[in-house]
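The values are calculated or read from the model by the stated rules, or taken from the named source; none is laboratory data. Quick caveat, the model's predicted, so the values are computed rather than measured. Cβ placement follows ideal geometry from the backbone for every residue including glycine, while neighbour counts extend to all protein chains displayed.
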Amino acid sequence: MADSPIIASGTVTTLLGLTEPQMVRFVRAQDWPDYRAQQILRWLYQRRARALTDMTDLPMHDRMALSPSTKVGRSAQTTILSSQDGTRKLLLMLDDGLTIEAVLIPDEDRLTLCVSTQVGCMLDCGFCLTGRMGLKRNLKLHEIIDQILTAQDLLSSDEHITNLVFMGMGEPLANVESLKAAVTALTNKPWGLGWSRRRLTVSTAGLASRLPEVAALGVNLAISLNATTEEQRRALMPAASEIASLKSLLAACRRYPLAPRQRLTFEYVLLADVNDHAADARRLIQLLRAMRCKVNLIPFNEFPGSPFRRPSEQAVLRFQSILRDAGLDAFVRKSRGRDVLGACGQLGELPSNRPSLTLTPIETRC
Ligand code: SF4
């Protein structure tokens with residue numbers, strides 16, 4: 001994260017947007033002792049403070065003195081859409097009026113949180129609603145963290161987030177500095193959330209040159225592949241193909257340093273009569289030959305105006321069994337939250353000239 005000046009006169013400092021070194025500089029600028037940096041970070045991450053005044057072990061006069069020039073940086077308004085299958089989609093309003101989405105997905109003994117890293121996306125994968133929005137901007141550190149803390153606020157006492165995937169709106173590796181700072185905060189034990197890196201997964205559409213940076217973070221890597229020929233990938237994911245060809249992406253995956261027992265995940269969105277043929281499955285087997293990996297098959301989640309169709313269950317199972325017969329671990333991802341447009345590829349604004357779904361928020365929190 002850029003080591004920018006923390007406080008400039010007349011500006012407001014967003015505490016949740018500070019990395020630990022920046023927080024140390026911040027407390028030194030107040031002539032406070034260094035230990036106060038971790039004290040504030042613990043309030044932000046472990047106690048989910050929403051205001052400086054909540055931090056009751058800071059002297060009252062210090063809190064009062066800082067109030068005009070600092071804010072915590074939690075979103076002011078969250079709308080929650082609840083799916084019939086238990087999935088909860090969180091719509092968080094940012095300071096500039098833009099909205100981002102995070103999705104809480106329950107599945108047997110897991111509760112996965114899918115987090116956004118950008119507002120919109122610069123890539124234009126043809127099967128993804130977010131791609132239709134174009135890129136509005138990168139999310140800042142506090143806007144990524146706020147999704148996680150807000151999701152935690154919603155949980156009942158017997159729930160906890162078991163897995164976190166950077167797989168929501170945007171391409172995480174196009175916002176890599178904020179991503180790294182978020183992973184540091186999520187995994188830091190003394191003041192952060194103390195999560196294991198094994199619980200975190202970063203998904204990329206194929207920014208091959210940045211894969212070593214994911215490896216350095218020690219988190220899991222998922223690659224959104226979706227095609228088995230250069231031509232097919234160019235048609236489905238034109239911008240991602242421009243950044244890295246299928247060949248160079250797979251070469252980067254082969255070089256990826258996996259820890260013992262770790263493996264890559266390849267995501268493959270199945271589009272009816274486009275990439276769900278037996279020949280596609282056979283090419284996929286060849287492409288992934290001898291890689292330590294698994295394949296997640298995602299039957300396309302339709303959205304209004306999308307040019308693709310969801311394949312039949314029979315076609316999905318046939319594709320999976322071809323992969324499995326060749327010894328590839330292939331799983332069909334259950335589609336969760338489709339009724340609230342919370343499933344894979346469904347996050348983002350519906351184009352205004354398209355027919356829209358009516359979504360009824362169950363709750364709006366301010
Ligand atoms: S699939 Fe991912 S990378 Fe592609 S447009 Fe959607 S959000 Fe962006």
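The table for this structure:
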{"quantity": "Top-ranked residue of the stretch 305-332 - restricted to ones that are in a loop (DSSP other than H, G, I, E, B) and either of a type in the set (S, T, N, Q) or under 16 Å from A272 (Cα atoms) (or both), ranked as modelled with the lowest pLDDT", "calculated": "G305"}
{"quantity": "In the stretch 260-298, the residues that are part of a loop (DSSP other than H, G, I, E, B) and either surrounded by 17 or more Cβ atoms within 10 Å (Cβ to Cβ) or of a type in the set (S, T, Y) (or both)", "calculated": "L271, V274, N275, D276, L288"}
{"quantity": "Hey, S116 assigned by TED's automatic domain parsing to the domain that holds E177 and under 21 Å from H142 (Cα atoms) or not", "calculated": "yes"}
{"quantity": "Test: G97 is away from the ligand (no atom under 15 Å from the Cβ) and not in a strand (DSSP E or B)", "calculated": "yes"}
{"quantity": "Residue that is under 30 Å from Q38 (Cα atoms) and touching a strand residue (DSSP E or B) at 6+ places or on another chain (Cβ under 6 Å), where the choices are V295, V202", "calculated": "V202"}
{"quantity": "Close pairs (8 angstrom Cβ cut-off, 6 or more residues apart or separate chains): modelled with pLDDT under 95 in the stretch 226-247, assigned to a helix (DSSP H, G or I) anywhere", "calculated": "none"}
{"quantity": "Residue count for the stretch 299-310, restricted to those that are surrounded by fewer than 22 Cβ atoms within 10 Å (Cβ to Cβ) and under 21 Å from T229 (Cα atoms)", "calculated": "4"}
{"quantity": "Residue among Q22, Q30, Q38 that is outside the structural domain of E143 (by TED's automatic domain parsing), touching a residue at least 60 places away in the same chain (Cβ under 8 Å) and over 22 Å from A76 (Cβ atoms)", "calculated": "Q38"}
{"quantity": "Qualifying positions in the stretch 25-40 - closer than 14 Å to W191 by Cα and either surrounded by 13 or more Cβ atoms within 10 Å (Cβ to Cβ) or β-branched (V, I, T) (or both)", "calculated": "R36, A37, Q38, Q39, I40"}
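Quick grid of which residues meet (1) outside the structural domain of L186 (by TED's automatic domain parsing); (2) over 25 Å from R324 (Cβ atoms); (3) away from the ligand (no atom under 16 Å from the Cβ); (4) of a type in the set (G, A, S):
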residue	(1), (2), (3), (4)
S209	no, yes, no, yes
S224	no, no, no, yes
T229	no, no, yes, no
I243	no, yes, no, no
